[in-house]
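*Asks:* Structure provided below as structure tokens; questions to follow.
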């Protein structure tokens, strides 16, 4: 059985693992990395599909300490990159909220992070990649060579070919520590204003919002950060925290709205009322949940989904509020809400980020409810000219997706050129992109 | 600084151990059959070595099924590293009991690789280490060699035999300066175990590598990784045959 990070859906199938990715991907229908996409992006379209797992192919091919160019096999994780190269003054140019992502996965999802307003997506920093196309041929792609294939692969959800290796430019950093700031903000309007304001001077920004309960709705915390200068960081040595595994699934009632309300209360108290400065460990700043392995089990056996959409700035506060009201009215429980402003759109043909505000909303999967919630919110997002993030999505319907994203046919046309028989497919491509099962 | 030759260092647990060693400044020679694979892994290790390391990783051709390659490989490793004080064997072959019962060729490969060839190589390694004034020989066994169990009869038998050998050379040659280290991994997620049903306490290669490196440093005669398997196998070793006949594991 296979599932994504949300543990919903769960489908029959198994992945083949080998250090030898070029052999493993021969005849494969899909390659997955660590399976950290939430929904069905890394799941096979049929139980008999050949799914290649790339995570054992994690060798560095070359690193140039002058330019920061890192060439590595597609299964190398951002975690491994940071632990190896941060002590030498290099960090991944863009990182999502987890470091448990392979290079191939980071390209396929064209991941974004707290620095999107400055640095764009991961794809902006990719120099070239090598992939095995659906025809079986190994093709090199870069902005200069086969640019169409390159652009379609950036954010292409692994559907343009099996990535074998990737070259990306790491970012030089002055120290291994983050000079961070948190600010408590009482309501959504101020939260968004403070977030946009922070983006003008800070390279890393993010907001967390408490969306539970009418009284607290909209209060939150704005996170700001930049790499500390060597002099400010001092001589402290960076020790990565020990990771703790969650051994069993929590019972389904463990994460209740009641409990989460208290959790949110604690988070608010922790950040006090006002601004706090601190020198933060990069793990705390970028990957607060990575030290708790398998935290997805906290949502219990029924799993959870993360709904992430982007809404153009013109949509405005009323629309943002409507999203949360719609979820609440339908009995959804938006446990964890994260807000970020996006900068310019990248070159990826199917990449998610575009200028606007993005909201990621974690919700436990509730039988009979979740589909309705996602449908209702998608109505709003489609009407406002926004779109959803395929890496998180599990419930969006094809009609909604088509209404949100006019780029699908052009993307599929590039795919067909490299995969005329349509060998490379996923459960997601069948659900949303019109592939046959 | 150690000078280490590793057989099987391009994959699985061996890859993780080689990375740990190189990251702390040791020098490693990768021994194996596939030149391209060895070179790729040596580049990986070189990129991971601390800044300023000189020649952190070398390679040499070794084919366990051809004993005539043993001495030239160890010579080359000693030459490239400027000596050799540790030899590690993480290479091994695996097949499920069903597959090995059905296929005589696969059976021959597992039996000879894990037992005859590994021990032949260890003999060459032992002689060389003792001649150089002592050193560490670390070999990967398996918890499957601790007690016969239904799903791993043939594979378990090879690892049990290997464990006997390692215990024996520890008794016989420790005074001569040989430190024989037998590592018994439980279920570790590698290409070797891909597709097998995952038992409790499954671990990643990176999780078990630090304990293996520590055992090499201390010359511990026998360790289980993850450590919990010592307890698990203690229980399983004491289960009566009548029980083992009934259970599936």
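Rule-based calculations on the coordinates, nothing more; no lab input. Because the structure is a prediction, the values reported are computed rather than measured. As a convention, Cβ positions derive from the backbone with ideal geometry for all residues, glycine included, and neighbour counts pool all protein chains shown.
*Asks:* Viscosity 1.002 mPa s, temperature 20 °C: give me the Stokes-Einstein translational D for the stretch A:72-161 in µm²/s, with Rh taken as the Kirkwood radius over C-alpha pairs.
*Replies:* My calculation gives 159 µm²/s for D.
*Asks:* For the residues A:354, B:138, what sequence is obtained by ranking on other C-beta atoms within 10 Å, fewest first?
*Replies:* A:354, B:138
*Asks:* On a 0 to 90 degree scale, rounded to 10, what angle separates helix B:228-238 from the longest Cα axis of chain B?
*Replies:* Helix B:228-238 and the main axis of chain B meet at about 40 degrees.
*Asks:* Within the P(r) computed for the stretch A:58-120, what percentage of the Cα pairs occupies the region above 20 Å?
*Replies:* Summing the P(r) of the stretch A:58-120 above 20 Å gives 22 percent of all pairs.
*Asks:* Per DSSP H run of n ≥ 4, the term is -39500 (n - 2.57); total these for chain B, divide by its residue number, and report the mean residue ellipticity at 222 nm rounded to 500 deg cm²/dmol.
*Replies:* About -14500 deg cm²/dmol.
*Asks:* Computed over the Cα atoms, what is the radius of gyration of the stretch A:333-378 divided by 2.2 N^0.38 Å, N being its residue count?
*Replies:* 1.43
*Asks:* A follow-up question, please. Nearest 10 degrees, 0 to 90: what angle lies between the long axis of helix B:118-131 and the longest principal axis of chain B (Cα atoms)?
*Replies:* Once rounded, the angle reads 40 degrees.
*Asks:* Equivalent ellipsoid semi-axes for the stretch A:114-201, as square roots of 5 times the alpha carbon gyration tensor eigenvalues: give them largest first, rounded to whole Å.
*Replies:* In descending order the semi-axes read 37, 16, 11 Å.
*Asks:* Another question about this same structure. Once you average over the residues of A:56-64, how many Cβ atoms of partner chains fall within 10 Å of each Cβ?
*Replies:* The shielding value for this peptide is 5.
*Asks:* Per residue, how much space in cubic angstrom lies within the convex hull of the C-alpha atoms of the stretch B:1-96?
*Replies:* Given the Cα convex hull of the stretch B:1-96, per-residue volume reads 87 Å³.
*Asks:* On alpha-carbon atoms, Rg over Rh for the stretch B:203-249 using Kirkwood Rh?
*Replies:* That ratio equals 1.13.
*Asks:* What Kirkwood radius, in Å to one decimal, follows from the Cα pairs of the stretch A:165-273?
*Replies:* Numbers: mean 1/r = 0.0589 Å⁻¹.
So the Kirkwood estimate lands at 17.0 Å.
*Asks:* Semi-axes of the equivalent ellipsoid of the stretch B:55-185: what are they in whole Å, largest first, if each equals the square root of 5 times a C-alpha gyration tensor eigenvalue?
*Replies:* Numbers: eigenvalues 154, 62, 25 Å².
Semi-axes from the Cα gyration tensor: 28, 18, 11 Å.
*Asks:* Roughly how compact is chain B, stated as its Cα Rg over 2.2 N^0.38 Å to two decimals?
*Replies:* Details: Rg = 17.6 Å, N = 249, 2.2 N^0.38 = 17.9 Å.
Expressed relative to 2.2 N^0.38 Å, the Cα Rg reads 0.98.
*Asks:* In cubic angstrom, how much convex hull volume per residue do the alpha carbon atoms of the protein assembly as shown span?
*Replies:* So the per-residue Cα hull volume is 168 Å³.
*Asks:* Moving to a separate point now. In square nanometres and to one decimal, what's the mean projected area of the convex hull around the Cα atoms of the stretch B:168-249? Provide the component values of the computation, followed by the final result.
*Replies:* Values: hull surface 27.9 nm².
Reported value for the Cα convex hull: 7.0 nm².
*Asks:* If you rank A:40, A:197, B:146, B:44 by fewest surrounding Cβ atoms within 10 Å, what's the result? Show your work: numbers first, answer last.
*Replies:* Values: A:40 27, A:197 14, B:146 21, B:44 24.
Lowest count first: A:197, B:146, B:44, A:40.
*Asks:* Between the stretch A:384-398 and the stretch B:148-225, what's the alpha-carbon centroid distance in Å?
*Replies:* Between the Cα centre of the stretch A:384-398 and that of the stretch B:148-225, the gap is 48 Å.
*Asks:* What's the extension gain from residue A:371 to residue A:421 if we count 0.36 nm per residue and subtract their Cα-Cα distance?
*Replies:* 14.8 nm
*Asks:* So, one more: Over all distinct alpha-carbon pairs, what is the Kirkwood Rh of the stretch A:349-411 in angstrom? Write down the numbers at each step before the final one.
*Replies:* On the way: mean 1/r = 0.0799 Å⁻¹.
Averaging 1/r across every pair of different Cα atoms and inverting gives 12.5 Å.
*Asks:* Please give the contour-minus-distance gain from residue A:379 to residue A:269: 0.36 nm per residue of separation, less the Cα-Cα distance, rounded to one decimal in nm.
*Replies:* 36.1 nm
*Asks:* What is the antiparallel percent of DSSP beta bridges lying wholly in chain A, to the nearest 5?
*Replies:* Antiparallel: roughly 90 percent of the beta bridges in chain A.
*Asks:* Taking the alpha-carbon centroid of each part, what is the distance from the stretch B:22-46 to the stretch A:55-118 in angstrom?
*Replies:* 21
*Asks:* Please give the calculated 222 nm ellipticity per residue for chain A, where each DSSP H segment of at least 4 residues contributes -39500 (n - 2.57) and the sum is spread over every residue; nearest 500 deg cm²/dmol?
*Replies:* -7000 deg cm²/dmol
*Asks:* Taking only Cα atoms of the stretch A:313-437, what ratio of Rg to Rh do you get with Rh as the Kirkwood inverse-distance radius?
*Replies:* 0.98
*Asks:* How tilted is helix B:70-81 with respect to the longest principal axis of chain B? Cα atoms for both, answer in degrees (0 to 90, nearest 10).
*Replies:* Taking Cα atoms only, the helix is inclined about 50 degrees.
*Asks:* Which of A:265, B:105 comes first, and how do the rest follow, when ranked by fewest Cβ neighbours within 10 Å?
*Replies:* Starting with the residue having the fewest Cβ neighbours, the order is B:105, A:265.
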